[in-house]
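Worksheet for the structure shown next.
No value in this document is a laboratory result; all are computed from the given coordinates. This one's a predicted model, so the numbers in the text were calculated from it and none came from an experiment. Cβ placement follows ideal geometry from the backbone for every residue including glycine, while neighbour counts extend to all protein chains displayed.
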Amino acid sequence: MRKTTLLTSGALLLLAAPARTLAQSAAADAEFNPNGESPFVRLIRPDRPGQTITTNMLYPGQFQLETGLTRYDAGGSTRFAGRQVWGSTLRVGFFNHIELRATQNYLRPPANNRRLTEGPATPFAGPVGFAPLNVGAKFLASSVQNARSQVVVLLDMNLRNGDASFTGKQLEPGGRLLVSQQLGQRFGLEGNFGFRQQGFKAEGTKQGEYLTTLALNGPLGAGTHFGFLAETYATWQRQQGWLPGLTSGLYYRPLPGLRFDVTAGHGLTPAAGGFTVGAGLSARLGK
């Protein structure tokens, strides 16, 4: 009988159990939070557009849609080189300090490049269309939601659906520890540490990817609707080693629950990928 490993699933359960317990026990303590009306908490704070996922969690009955288009440089070395990816995330506030979420990416077909030589064009063999759906949940791990310092656990899974052009599909479990520190009333420093592996077998752990991020965001000035994002991140795989990169961007927030953003990013090594640009919007509904 072939041996399999449940190390990854066990780790996810170990993370989820204390997070769920702390979230439930914090309900009574969270009735009054003087930081709940600070601009950093009250104004929309989406999980896009960089690699960093925020500790922000929606309250029960709130919905948030985040969507945007990212263009990857043709000279880059990532799997999306020369492609345009449309990504959308739907977040839903649930009870007991839990947030449910689903993310769907769509890879647009590559633009037809002008051929410099005669002859038939080589058909494109890469993936196109909808990528496998990612579903997950955030669990509050700190004592009070939207405190100045907050810790959240994110557990998610890539499913095996999506367009048939995405080959080798399998369940890919992942998890992240999300931490944030509010600076003043409007600025915030946020970081992630996470992992993702292919399947639940031992060989899947060897293909696993680790991620670390650190991001600073806040307004460009007092009383302005404009703000900035500055992020550094790095991924690590056994076969590729460390792949660091930077992301920066600007956003415009005409309403507390609506935000538009533009971003640019670049890998810091040749293997980490080339230049990327993107734009998108985020909208929150519910009180």
Qualifying trypsin sites (Lys or Arg not before Pro) in region 135-225, DSSP loop, other Cβ atoms within 10 Å at most 14
Arg160
For Ala74, list long-range residues whose amide hydrogen, built 1.01 Å from N in the peptide plane, is under 5 Å from its own amide hydrogen.
Gly82
Can you give the local net charge around Leu246? Use residues other than it whose beta-carbon is closer than 15 angstrom to its beta-carbon, Lys and Arg +1, Asp and Glu -1.
-2
